[in-house]
Amino acid sequence: MSTEVPSYPSLTPDQLGYCVEALEVFKAKRADQPLIVKEFEYFKKHAHGETRESEVNGGCLVAKLDVNKAKNRWPDVLAFDGNRIVIDPCKDSRPSSMGYINASYITSEANPSESVSRFIATQGPLPETFEDFWEMVLQNHCPAIVMLTKLVDDNKKVKCGEYFQAEDGPRMFGNICTVTRNIPTTDSLLVLCHMLVNREESEDPPLPVWHIRYPEWPDHEVPPDTLAVREIFKRVWHIPSSKGPIVVHCSAGIGRTGTYCGVHNTIQRILVGDMSALDLDKTIRTFRDQRMGMVQTLDQYVFCHDAIIDVLEDLISESNI
């Protein structure tokens, strides 16, 4: 991963046409604030939003097992049984936990294009789940981790465990070894690391993982502008889905996480000519069917539109240079 912010490749004539059409649609919708509010209120109520209590009681049975309760950072943000990540039982130190980790597969369609990323949305790891987290990364061959939270917020509340730093040499999580190399950057809001992850005494080559951190995105809120989100997208959008899903997490793994996934997924689908991506409302409802509460607030839903518009304008302007 370069220290320089990469440029987009030139668009094909078809891709340029898709982006121009999408930009017109999203600008028109952004100007219709009542419509955006109406969509958010609808999926908040009907797409795994305000019905969370019934879902937690009925659709998250594994997450609610006594052996797994300590694995959940927040008691009301759990992984649905149907699409939760399942850690290989032989690697799970607590067999009765059924391989549970508070993490969910996220995709907007059943058979996404090779050019459209798959995601794992997850909570900020807890000290007792660090080993589970890295096991998940190894088993799913995840090429990148996008972290959208501080470790401790301005009110001194812990939002995420410190699972990634290893500057003084290898760091062990059970039998998993990680090595971290910080990448110095200038004029960037991001903190970049290159990590190598492997099981102790394994003969397999270590898994290279890019760790991209944007700590200044406040919980339940939105950034002051879209610059950092656009830079994250520039750094990871080209990773083919065959490399494995991209891990995205904040603290609960639903608000900031869902917002970033919505922007990233929408732009990639537009670039491959999937114009159903213009229905952002449907995309977020699909995400909420896979993980409760994805895109938590109206401001975050509005921010999705702003970031998509700005990325589309970047793509069009860079292609016309």
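Miscellaneous remarks
- Among (1) assigned to a loop (DSSP other than H, G, I, E, B); (2) at pLDDT 95 or above; (3) more than 20 Å from Asn102 (Cα to Cα) - the single one Val197 does not satisfy: (1)
- Residue check for Ile120: aliphatic (A, V, I, L, M), touching a strand residue (DSSP E or B) at 6+ places or on another chain (Cβ under 9 Å) and farther than 18 Å from Val191 by Cα: yes
- For the stretch 173-185, the count of residues that are surrounded by fewer than 18 Cβ atoms within 10 Å (Cβ to Cβ), modelled with pLDDT of 95 or more and in a loop (DSSP other than H, G, I, E, B) is zero.
- Verdict on Thr51 being loosely packed, with under 12 Cβ neighbours inside 10 Å, modelled with pLDDT under 95 and not aromatic (Phe, Trp, Tyr): no
- With respect to (1) under 24 Å from Gln290 (Cβ atoms); (2) more than 22 Å from the chain's Cα centre (by Cα); (3) in a helix (DSSP H, G or I); (4) at pLDDT 80 or above, the lone exception for Phe40 is condition (2).
This table checks each residue for (1) crowded, with 17+ Cβ neighbours inside 10 Å; (2) touching a Cys at 6+ places or on another chain (Cβ under 9 Å).
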site	(1), (2)
Gly273	no, no
Ser276	no, no
Thr286	yes, no
Val295	yes, yes
Tyr301	yes, no
Glu318	no, no
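- Subset of the stretch 13-31 (residues that are loosely packed, with under 12 Cβ neighbours inside 10 Å and not aliphatic (A, V, I, L, M)): Pro13, Asp14
- Residue count for the stretch 124-170 under the criterion of being in a loop (DSSP other than H, G, I, E, B) and either of a type in the set (D, E, K, R) or in contact with a strand residue (DSSP E or B) (Cβ under 8 Å, 6 or more places away or on another chain) (or both): the result is 25.
- Top-ranked residue of the stretch 111-143 - restricted to ones that are among the small types (Gly, Ala, Ser) and crowded, with 23+ Cβ neighbours inside 10 Å, ranked as farthest from Val197 (Cα to Cα): Ser117
Yes/no matrix, rows are residues, columns are (1) under 29 Å from Val158 (Cβ atoms); (2) at pLDDT 95 or above; (3) surrounded by 19 or more Cβ atoms within 10 Å (Cβ to Cβ):
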residue: Asp225; (1), (2), (3): yes, yes, no
residue: Thr257; (1), (2), (3): yes, yes, yes
residue: Asn265; (1), (2), (3): no, yes, yes
residue: Gln268; (1), (2), (3): no, yes, yes
residue: Ile308; (1), (2), (3): no, yes, yes
residue: Val311; (1), (2), (3): no, yes, yes
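- Some residue of the stretch 30-37 being in a loop (DSSP other than H, G, I, E, B) and either hydroxyl-bearing (Ser, Thr, Tyr) or at pLDDT 95 or above (or both): yes
The values are calculated or read from the model by the stated rules, or taken from the named source; none is laboratory data. As the structure is a prediction and not an experimental result, all values here were calculated from the model. Don't worry about glycine lacking a Cβ; one is built from the backbone with ideal geometry, like all the others, and counts go over all protein chains shown.
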